[in-house]
Amino acid sequence: MVQKITLSIPDLLHEKLKEWRNSFNFSKMFQEALTEAIQKKEDFQKRFSEDFEMPEIIKRLQHEKVLWEKQFFKSGKKEGMKWARSAHYEDLLHVVNMNDTYKLTEDPKMKAYFEEVYDTYALAKNTIEGSIDHQLLFIDGWLTGVNGLWNQVKEKI
């Protein structure tokens, strides 16, 4: 059985919704987001209402760690694609032909850009001594985004 509900959204979001109505299944998107949010709440409550064994706690934390780290990679990929779409040809060549891509953040051509990106994504504060370097995960994602766009256009230019 399906139930209908009424939602309130800001005017600006409503305008965007009307513009993209044919491109998305908003009902399905809402259902998935709501299901995920409820599941998180239920899982959280369950953690406090049950006596978890250590292997279950470790498994849960490992899963959360993977999801958290994927966020850095996904953010980097999105930012890399965004940069590549507006980058000059010379800058694209410079990046895709770099030998040590992890030095991008110190490269004179890219340093100011990455300083701004690091502030935007608060990458420095998420780097914890002895843990996975989230900056490297972000850079890996960023390079994936840049190289993805480059691979699509390089034969056409």
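The values are calculated or read from the model by the stated rules, or taken from the named source; none is laboratory data. From a predicted model like this one, the values you see are computed outputs, not experimental measurements. A quick note on method: Cβ atoms are made from the backbone with ideal geometry, for glycine too, and the neighbour counts reach across all protein chains shown.
With the requirement that a residue be among the aliphatic types (A, V, I, L, M) and over 30 Å from His134 (Cα atoms), what does the range 13-72 give you?
Of the residues in the range 13-72, the ones among the aliphatic types (A, V, I, L, M) are 13, 17, 29, 33-34, 37-38, 54, 57-58, 61, 66-67.
Leu13, Leu17 - these are the residues of the range 13-72 that are among the aliphatic types (A, V, I, L, M) and over 30 Å from His134 (Cα atoms).
Residues of the range 113-122 that are of a type outside the set (Asp, Glu) and over 13 Å from Trp83 (Cα atoms): Tyr118, Thr120, Tyr121, Ala122. The residues listed here are Leu67, Leu93, Leu61; of these, the one that is under 14 Å from Asn147 (Cβ atoms), free of Cβ contacts under 8 Å to residues at least 24 places away in the same chain and among the aliphatic types (A, V, I, L, M) is Leu93. Looking at the range 86-99, can you tell me whether even one residue there is of a type in the set (D, E, K, R), surrounded by 10 or more Cβ atoms within 10 Å (Cβ to Cβ) and at pLDDT 90 or above? Yes, that holds for at least one residue. One residue stands out among those in the range 133-157 that are exposed (fewer than 15 other Cβ atoms within 10 Å of the Cβ) and of a type in the set (S, T, N, Q): the one that is nearest to Thr105 (Cα to Cα), which is Asn151.
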